[in-house]
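A short reminder: the numbers here are calculations on the coordinates, not readings from a lab. Nothing here was measured: the structure is a model prediction, and the numbers come from that model. As a convention, Cβ positions derive from the backbone with ideal geometry for all residues, glycine included, and neighbour counts pool all protein chains shown.
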Amino acid sequence: MSQDLIAGRQEIQAGSFLSHPQSYDRQVRRFVPSYDEMLDVLLEGLQNMEPRNSSVLELGCRTGDLAGRLLREKPFAQLTAVDRDLEMILACKDGLGSRAEWVELICQPESRFLRPDAFDYVLSHLMLHRIEGTVDKIATCRNVFQSLKPGGLFIFSAMIDSDSEAAAEMTWKCWERDVLSNGVSQREVAEWHARDRTESHSVPARVWLKWLRETGFIQADIIWSETVFGALWARKPQ
């Protein structure tokens, strides 16, 4: 990572915990009870990774949870990690420690990253629902498709919207039940809905699958879901 990025470290400001490394690490597992299970699901998709020259792109690396686990389990992986927030890139670098020397860290909006035919895998964990608007979400699918090598896999988790208001109400009630049992207070739940939920621009899984197939992916499917979260995967044709 460039010295300009390192020199650009800033003080963490008040606001949504989703945007600031210290509060993100402190809060994300409280508000996403299935957080680590989703990490497991994403990494299961890499079980057939070749032991040499396997290139991985992570879109939205945040503080480096997925990157760290990936490099512990697949130390030979050539990882490029992208995040829109400078503070998150710097936190990821710090969290990876000496392994960061071998990771390409890039501060850039996830929807704009493109490197044609460069990666065997593209991963993203709880980030793509933060991309605003249909145009940018579809652009992300297209850029991922072009960035993958033939036969490459796109695997991601995200907040997933429901197809009806009734279903949405039920899934959010289930989410509230889970986070309350996870130690979150009713006041914190209300604050999350009023503040942090505004950063979510989720769509139903069927919409993601439609975009993926229209982009050219094959075998697109949802591979895991729980309350308001889901994980999907798709393959680029050979």
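Values computed for the structure shown
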| item | result |
| --- | --- |
| Relative contact order %, the chain, counting alpha carbon pairs below 8 Å whose residues are six or more apart | 20 |
| Order of HIS125, HIS201, HIS193 - criterion: other Cβ atoms within 10 Å of each residue's Cβ, fewest first | HIS193, HIS201, HIS125 |
| 222 nm mean residue ellipticity, helices alone, for the chain (DSSP H n ≥ 4; -39,500 (n - 2.57); rounded to 500) | -12500 deg cm²/dmol |
| For SER54, residues with placed amide H under 5 Å, excluding near neighbours | GLN78 |
| Distance histogram in 10 Å bins (all Cα pairs of the chain, percent per bin) | 7, 33, 37, 19, 3, 0 |
| Nearest-0.05 FRET efficiency for SER23 and ASP117, computed from C-beta distance (R0 45 Å) | 0.75 |
| Cα centroid separation, segment 112-161 to segment 197-238 (Å) | 10 |
| Relative packing of 207-215, 160-168, which averages over residues the other C-beta atoms within 10 Å, highest first | 207-215, 160-168 |
| Hz values of 3J(HN,Hα) by residue in segment 185-200 - Karplus curve (6.51, -1.76, 1.60), Gly and Pro given as x | 7, 4, 5, 5, 4, 4, 5, 5, 4, 6, 10, 6, 5, 5, 7, 9 |
| Highest to lowest packing among 175-186, 127-138, scored as the average C-beta count within 10 Å | 127-138, 175-186 |
| Rel. contact order, % - alpha carbon contacts under 8 angstrom, at least six apart, segment 43-180 | 23 |
| Residues of type lysines that LYS93 reaches as a straight line, Cα spacing below 25 Å, ignoring anything fewer than 8 places off in the same chain | LYS74 |
| Order of PHE154, PHE119 - criterion: other Cβ atoms within 10 Å of each residue's Cβ, fewest first | PHE119, PHE154 |
| Under the Karplus curve 6.51 cos²θ - 1.76 cosθ + 1.60, θ = phi - 60°, whole-Hz ³J(HN,Hα) for segment 32-47, x wherever Gly or Pro sits | 10, x, 9, 3, 5, 5, 5, 4, 4, 4, 5, 6, 4, x, 9, 5 |
| Fewest-first sequence of LYS74, LYS149, LYS236 by Cβ atoms within 10 Å of each Cβ | LYS149, LYS74, LYS236 |
